[in-house]
Amino acid sequence: MESKNKIELVVFDWAGTTVDYGSSAPSEVFDRVFRAAGLHLTKEEINRPMGLEKKAHIRELLSCESGRNQWQGQYGRPWYDEDVDALYEKFEATLHEVVAERSDPMDGVVETVDALRRAGLKIGSTTGYNDWMMEQVLPRAAAGGYTPDCVVTPDATGIGRPSPFMLFECMRRMKVYPPCHVVKVGDTTVDMQEGKNAGAFSIGILTGSNLLGLTPEEYAALPAEELARRKQDATRRYLEAGADLVIDSIRELPAAIEELNRRLADKEASL
C-alpha cells in the first residue's frame, strides 16, 4: 500500500530562487543606499544577511564591523533605530522603482513548478520583501508564467526569517500539515533556517543563488575549478544552516522531493 506520508507543499523563496538571478536587485539597492550615506560595503558583506526582512538586513549591515566603524567615522556617533528607519525608507523607495525589472522567472522555474503541480503538490512562497514591493514583483512573474498558490510577506506575520511564522502561515493557507510534509526551497542560509525552525525540510539551490553570489556573466566566465570551489563552499554553508539537501539547479527539485519522500517512507517503515 502506497504511503500517504509525503511532501505536499513546496514553499519557495523569491529573489535568487524563482526570480532575479543572484538576488541582484536588493544587493544593488543596498549598495546604492549605503554609498549615498557614505558607507562602502563589499558585495560579500551586503549579501551575507540576504533573506532577512529588509529592515533587519539593514541592522545587520550597520552592526557588522565595517558598517559599524564606517558609520562612527562618518557621523561621529553610533547608529540609532531612527537611522535604520531612514535608510529603510530610501531602500524601499529605490527597490520599488527597479524590482519589477528583475522579476522574470529564472530558467527552469516555470517547467519545474508545472511538474510539481502535475505531481499533486501545492506551491507556496515566502519573502523578505514587503507587500508593497511584491505588488511590483507578482505581475511580472505571472506574465512570465510563474504564479504560486500562496504569497506570504513579513507584513502578514510581523516577523520575517529565520523565524518559522511565514512558513506556518503558508501551511495554514494551504491547509497542509504536519511540517514534515513541507519543504522550504531557497538560496540563502536564513531560508534553510526558516524551514528547519518550522520543522520542515529545507533544500538549498546553487545556480542563481545569492549564496553563490554570481551574475549570469560571472558564472559563465568562471574557470571550472573556481566554480566548483565556490559551489562546495556554498554547499557547506547551506548544510551548516540545516539544509537537508543541496541541488545545483531548480530543475533537480522533483528528484530531490522524491528523495525526501523515500526518507519519509523509510522512517515510517521503521516505526
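For every residue, the table says whether it meets (1) closer than 10 Å to G124 by Cα; (2) not aromatic (F, W, Y).
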position	(1), (2)
G144	no, yes
D149	yes, yes
V152	yes, yes
G160	no, yes
F165	no, no
M171	yes, yes
K175	no, yes
H181	no, yes
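Considering L222, L167, L227, the condition of being within 20 Å of the chain's Cα centre (by Cα) and either closer than 19 Å to C150 by Cα or of a type in the set (A, V, I, L, M, F, W, C) (or both) is satisfied by L167 alone.
Can you confirm whether segment 120-131 contains a residue that is under 20 Å from L167 (Cβ atoms), in contact with a strand residue (DSSP E or B) (Cβ under 7 Å, 6 or more places away or on another chain) and open to solvent by 40 Å² or more (accessible area, probe 1.4 Å)? Within segment 120-131, one or more residues are under 20 Å from L167 (Cβ atoms), in contact with a strand residue (DSSP E or B) (Cβ under 7 Å, 6 or more places away or on another chain) and open to solvent by 40 Å² or more (accessible area, probe 1.4 Å).
Each residue in segment 132-154 was checked for being buried (at least 20 other Cβ atoms within 10 Å of the Cβ) and aromatic (F, W, Y), and 1 of them qualify.
Scanning segment 92-111 for residues that are more than 18 Å from the chain's Cα centre (by Cα) and at pLDDT 95 or above yields a count of 1. Filtered by the rule that a residue be free of Cβ contacts under 8 Å to residues at least 60 places away in the same chain, under 22 Å from V109 (Cβ atoms) and surrounded by fewer than 24 Cβ atoms within 10 Å (Cβ to Cβ), segment 170-194 gives a lone residue, R173.
Considering only segment 58-80, I want to know if a residue exists there that is buried (at least 18 other Cβ atoms within 10 Å of the Cβ), of a type in the set (D, E, K, R) and assigned to a helix (DSSP H, G or I). Scanning segment 58-80 turns up at least one residue that is buried (at least 18 other Cβ atoms within 10 Å of the Cβ), of a type in the set (D, E, K, R) and assigned to a helix (DSSP H, G or I). Taken over segment 195-245, the residue count meeting the criterion of being open to solvent by 30 Å² or more (accessible area, probe 1.4 Å), polar (S, T, N, Q) and either farther than 30 Å from M171 by Cα or not in a loop (DSSP other than H, G, I, E, B) (or both) is 4. Being open to solvent by 20 Å² or more (accessible area, probe 1.4 Å), among the β-branched types (V, I, T) and touching a residue at least 12 places away in the same chain (Cβ under 8 Å) is true of T157. If the condition is being surrounded by fewer than 18 Cβ atoms within 10 Å (Cβ to Cβ) and either under 24 Å from W14 (Cβ atoms) or under 18 Å from the mean Cα position of the chain (by Cα) (or both), then segment 255-271 contributes only A255.
The values are calculated or read from the model by the stated rules, or taken from the named source; none is laboratory data. Only a predicted model underlies this, so the values are computations on that prediction, with no experimental measurement involved. Backbone-built Cβ (ideal geometry, glycine too); neighbour counts: all protein chains shown. All accessible areas refer to the heavy atoms of the entire protein, side chains included, with ligands and DNA or RNA removed. Shrake-Rupley method; radii C 1.70, N 1.55, O 1.52, S 1.80 Å.
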